[in-house]
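Accompanying notes for the structure given below.
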Amino acid sequence: MKRAIKKLFDWTANDVLAWEKIRQQGFGHFVIWYGLLGFGPLLFVLSGGATVLTWILASAGLSGLLFQLTFIAAVCLTGGLITGLLTWWLEDSIYQKIKKSRL
């Protein structure tokens, strides 16, 4: 865990170049692709799958399942958006500190 955290803040030259490439595509592109369309659907597949499995085991009604999946989809997309925003903020703040230290 400690090594992973150190890697997060101790960027190599390749890490800086990779972030510059992502950064050129823009904030909105990053949040949509990495947050909403990346993390959000992954989270939905995991939690939605668990919901469907529970529904099958509990033999609940179809309307209840649809409501739960709709709710989970909204939560996952919101989570994806928040993840994208926080990741951009963290990565860009690290990048800005690296750029300042090199000047």
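Of all residues in segment 9-23, those satisfying the criterion of being in a helix (DSSP H, G or I), under 11 Å from Lys99 (Cβ atoms) and among the hydrophobic types (A, V, I, L, M, F, W, C) are Val16, Trp19. Taken together, the residues in segment 37-71 that are buried (at least 17 other Cβ atoms within 10 Å of the Cβ) and either at pLDDT 85 or above or under 30 Å from Thr12 (Cβ atoms) (or both) amount to 4.
If the condition is being hydrophobic (A, V, I, L, M, F, W, C) and within 30 Å of Ala13 (Cα to Cα), then segment 72-103 contributes Leu81, Ile82, Leu85, Leu86, Trp88, Trp89, Leu90, Ile94, Ile98, Leu103.
Among what's in segment 18-71 and is among the aromatic types (Phe, Trp, Tyr) and touching a Gly at 6+ places or on another chain (Cβ under 6 Å), pick the residue that is nearest to Leu85 (Cα to Cα). Please lay out each step first, then the result.
Filtering segment 18-71 down to residues among the aromatic types (Phe, Trp, Tyr) leaves 19, 27, 30, 33-34, 39, 44, 55, 67, 71.
Subset that is touching a Gly at 6+ places or on another chain (Cβ under 6 Å): 34, 39.
Numbers: Tyr34: 9, Phe39: 12 Å.
Restricting to residues being among the aromatic types (Phe, Trp, Tyr) and touching a Gly at 6+ places or on another chain (Cβ under 6 Å), the top hit is Tyr34.
The values are calculated or read from the model by the stated rules, or taken from the named source; none is laboratory data. Predicted, not measured: the structure shown is a model, and the values here were computed from it. In this analysis, Cβ positions are derived from the backbone assuming ideal geometry, glycine residues included, and neighbour counts consider all displayed protein chains.
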